[in-house]
1. Give the residues of segment D:200-249 that are of a type in the set (Phe, Trp, Tyr) and either part of a loop (DSSP other than H, G, I, E, B) or within 8 Å of chain C (Cβ to nearest Cβ) (or both), sorted by residue number.
2. For segment C:26-44, check the following and say yes or no: at least one residue is within 14 Å of chain B (Cβ to nearest Cβ), touching a helix residue (DSSP H, G or I) at 6+ places or on another chain (Cβ under 9 Å) and at pLDDT 95 or above.
3. Within segment C:76-88, can you find the residues that are out of contact with any Ser or Thr (no Cβ under 6 Å at 6 or more places or on another chain) and either surrounded by 20 or more Cβ atoms within 10 Å (Cβ to Cβ) or assigned to a loop (DSSP other than H, G, I, E, B) (or both)?
4. Tell me the residue from C:GLU261, C:GLU266, C:GLU244 that is touching a residue at least 12 places away in the same chain (Cβ under 8 Å) and within 21 Å of the chain's Cα centre (by Cα), please.
5. Do you know which of the residues in segment D:135-151 that are surrounded by fewer than 21 Cβ atoms within 10 Å (Cβ to Cβ) and touching a His at 6+ places or on another chain (Cβ under 8 Å) is nearest to A:LEU27 (Cα to Cα)?
6. Among all residue pairs at least 6 apart or on different chains, which show Cβ distances below 7 Å where the first residue, located in segment C:155-173, is away from every other protein chain (no Cβ under 12 Å) and the second is in a strand (DSSP E or B) and β-branched (Val, Ile, Thr)?
7. How many of the residues in segment D:127-182 are closer than 30 Å to D:LEU75 by Cβ and of a type in the set (A, V, I, L, M, F, W, C)?
8. Condition first: buried (at least 21 other Cβ atoms within 10 Å of the Cβ), within 14 Å of chain B (Cβ to nearest Cβ) and over 14 Å from the mean Cα position of the chain (by Cα). Can you find one or more residues in segment A:187-194 that meet it?
Number of protein chains: 4
Amino acid sequence: MKWNSPNAGVAAPAANSNEAEKSVMSLADIQNTPDERNIPIDRVGVRNVRFPIRVKDRSNVSQPTVGTFTLTVDLPKHFKGTHMSRFLEVLHDYGHQIDGESLPMILEELRSRLNSQTAHLDVEFPYFMAKPAPVTGNIGLMEYDCGFSFSRGATEYAKVIAKVPVATLCPCSKEISERGAHNQRGLVTAVIEPFEFVWLEEIIEMIEDSASCSLYSVLKRPDEKFVTEHAYDNPRFVEDVVREVSIRFDADNRIEAYTVEVENFESIHAHNAYAMIERRKSR
Amino acid sequence: MKWNSPNAGVAAPAANSNEAEKSVMSLADIQNTPDERNIPIDRVGVRNVRFPIRVKDRSNVSQPTVGTFTLTVDLPKHFKGTHMSRFLEVLHDYGHQIDGESLPMILEELRSRLNSQTAHLDVEFPYFMAKPAPVTGNIGLMEYDCGFSFSRGATEYAKVIAKVPVATLCPCSKEISERGAHNQRGLVTAVIEPFEFVWLEEIIEMIEDSASCSLYSVLKRPDEKFVTEHAYDNPRFVEDVVREVSIRFDADNRIEAYTVEVENFESIHAHNAYAMIERRKSR
Amino acid sequence: MKWNSPNAGVAAPAANSNEAEKSVMSLADIQNTPDERNIPIDRVGVRNVRFPIRVKDRSNVSQPTVGTFTLTVDLPKHFKGTHMSRFLEVLHDYGHQIDGESLPMILEELRSRLNSQTAHLDVEFPYFMAKPAPVTGNIGLMEYDCGFSFSRGATEYAKVIAKVPVATLCPCSKEISERGAHNQRGLVTAVIEPFEFVWLEEIIEMIEDSASCSLYSVLKRPDEKFVTEHAYDNPRFVEDVVREVSIRFDADNRIEAYTVEVENFESIHAHNAYAMIERRKSR
Amino acid sequence: MKWNSPNAGVAAPAANSNEAEKSVMSLADIQNTPDERNIPIDRVGVRNVRFPIRVKDRSNVSQPTVGTFTLTVDLPKHFKGTHMSRFLEVLHDYGHQIDGESLPMILEELRSRLNSQTAHLDVEFPYFMAKPAPVTGNIGLMEYDCGFSFSRGATEYAKVIAKVPVATLCPCSKEISERGAHNQRGLVTAVIEPFEFVWLEEIIEMIEDSASCSLYSVLKRPDEKFVTEHAYDNPRFVEDVVREVSIRFDADNRIEAYTVEVENFESIHAHNAYAMIERRKSR
């Protein structure tokens, strides 16, 4: 038996594996038959695969979480199908730890076991950061939906994804109103391609610094007073937030390319405000 | 052929229907075979059925929209299965207009065609109201997710559902802060059981009146100034909104029972604030 | 007052519009102030706007449905913000009918009112087709999530989107098993860029012809026998479906470019099988 | 400072906590002010709180996963509001391990810190089981969405939730067709109230035994042959599956009450088939 599972106490029925091995031989391999249609497939594989993973965080602790994977390869025109079970085998063999070292290894293993030129891996997962409240310093755990998108072969890229909820306060509303200003929760989605390693925490902090105010898990009254006034003193349109993130990403030489989207769940409308910037730096 | 579709220009292949009729006779009716397990089923039917409908609005215009239906009946212990296609036949025959008259008729038809004691219908649909901006009076179309949940037979009820997005401004944040106050979009979900007919528009307006401010589709600057100041002058916790809706529903003698939920997409947290009141009036 | 709503019987408070006009003049236009950050924004606008629309179908009937819109423009580096309300004004003025003629007009209007070089419109909507059952010919309404994605200005494209649920039956399972074969619902998502006009119905039918079997709303027993045997006689991997669609799109000279994705909700796994082909034809 | 986070290497700015303590004293406690509306609130609290947790599994390993929480209490009519931050404090203090022992403790702590009569906790989380393939015995990790819903005070209940994807093969289609039979993925949702402790794994297995076939993560060809034929030999309507689960739950004396729902993502329709049974046993 080839796999073992980190949280499995179940004994596997190693039982009839010899027999199984034999019976595989005798069953037709339809996927492997030639295909006459002469059409190569760009990507083929498995999607919405849920798998428990660990992601190393900035404090060098390996944080347990749950990944949702898409794993694909290219399929040359002369094969009828790919072997879907091998994607899962590779994931069970190598997928428990997800980081900059394991991801290229997983992709190489996919290319090799699937006899393909190119392999792609996309994974999203909830990621937690301990974050002190701004005045009381009480620690709360904030969750961010993060991910990686890697490719190796005919295309090669390594993308890091962070979705960061923030507060935005409307500069127009503040300017024209005698009191108050509408504000709301917004979501900033960043996809970056780094030249060199960047921690998820660093991306998250650059984004939080770009908003009217950062969000927190536990806020006592002095904290709530602080975040209210801080947001009021830092009004930001979606246009401002997307530009402020852009400034920070432009200034960071480790970042080669990025897309930043900001979506505000407007507190005065039922629809959302939206802004997007996409850049690739020339070396 | 029994159905016709309001937006179908396609000619149906009436073709082989005689033959079909015969072949039905010869095919076993497994659903109709006896079941020995002695277990009645509370509800059985179809779910997530999408169907174009019309809903009459307060201005007596029949508004076209798209319904998502669940249709179910009870199944006595002695039958193996229900006849799923009949739910769709009833919907195609009677479901194009959804209102207080057609719904009981659809339920009676389901009970009759499915030979069941009780029938249930749930439908949700986007519903639009033309709403003038508060200062300029510019008309914008606001969308609300609404629905009906009806039952006839051993259980009898008629529920009206409205989900209304609103603005809420935090009274605590306003009180303790020197300037500004955090506010956000919230969603109020009301399920009411009326003694007598109530328009969806009336429920929606009672809810919008209970929040810090109503939402709008098109707001020019004088409108935005108005809604900002109006929200600031009417701070409301989720607790306040749920109580304000409750007061209005209690005062309306057409309403027999209700559940009101308020969920705030807090602009200072990544999680939501929530409150719920459930009441049944004694006549 | 400039707008009127097709399903609004409500009289608009034309009231204080003169006063409003005046007050606009006196309120600062923050969006219009210069921006020193020197960063143009690729796209800025509104998202998740729900609006009742009509879409002309192949039978030349204008089908009422509900659109979910994203409307964006580019923002030059020297402006602080865009004027979000104008997107909604354009939608209320021109958005009730969505087709190949109205879409370019909406985009031109957006470019003009927003003083921008480029405008983009994305809209998704449920779309219904009347479809006869394969044997009895009974007509049922099938729903498909469709959409358009148009751009005019510095980028110019016109994309048509159709999401078509189908049945797929596994060729490997059929070959190696003594009886039966696993099959399941799959979803085919096609995005095409046409040289010339193509009906949504034509795209949907090309996709349905590529699967093991098409889906239906109302199936009586002779129909169910037919679709069961038809799927068994036409086994298709996701790889087969994506190639079969590709063959049909390649053969249609009205289609310039396309992306086809197939996702199978496998009945033997909790995850999905997936395949994708992306092509641009050289004239 | 009272909390510490398991995956936090960040040093908290314990800094200005004395000052903070003082400033809390001076800030008005709006929530604590009397309310004149005379309306008690059934439930008030926080929703969609994401938090890393551990859940003990049958092999006595504490499985790390991510919980999505709703925490609520009742609010007497004489208080204006609840203190939302205390829900988060309780979660950070006690919520890292979720099991039959910690849940009542968390609820007691909520009742005490929120000065309320009744407290409710709902949590959902992905849960993994190592499961051998039926022939080769290869171990794959299967994910199930599970949860707990507990209440203490004026209402007292303890509910265990498991959502289990399965395969179902249609008995009617098999009977009337000369070859094949349509089958599909279905989802069984069980909510049980136990008299005594029941492992999630036990509930999941009772449900999987009730379907046409269980789902697997990794299947090699001999496994695929097995599951195809096993499903074909065990045809089940949604009505059959819901009854089979009901038989197993009825026979298990540890289970006091249950609701079982089965929803089939039909491979011949775009809509779903559905069945539901709800039972409470008399002791």
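The values are calculated or read from the model by the stated rules, or taken from the named source; none is laboratory data. From a predicted model like this one, the values you see are computed outputs, not experimental measurements. FYI the Cβ positions are ideal-geometry reconstructions off the backbone, even for glycines, and counts take in every protein chain you see. Surface accessibility is based on the protein's heavy atoms, side chains included, excluding ligands, DNA and RNA. Shrake-Rupley method; radii C 1.70, N 1.55, O 1.52, S 1.80 Å.
1. Within segment D:200-249, D:TYR216, D:TYR232, D:PHE237 qualify.
2. Taking every residue of segment C:26-44 in turn, none turns out to be within 14 Å of chain B (Cβ to nearest Cβ), touching a helix residue (DSSP H, G or I) at 6+ places or on another chain (Cβ under 9 Å) and at pLDDT 95 or above.
3. Residues satisfying the conditions are C:PRO76, C:LYS77, C:HIS78, C:GLY81, C:THR82, C:HIS83, C:MET84, C:SER85, C:ARG86, C:PHE87.
4. C:GLU261
5. The selected residue is D:SER149.
6. C:LYS159/C:VAL191; C:LYS159/C:ILE192; C:VAL160/C:ILE192; C:ILE161/C:VAL191
7. Total meeting the criteria: 7.
8. no
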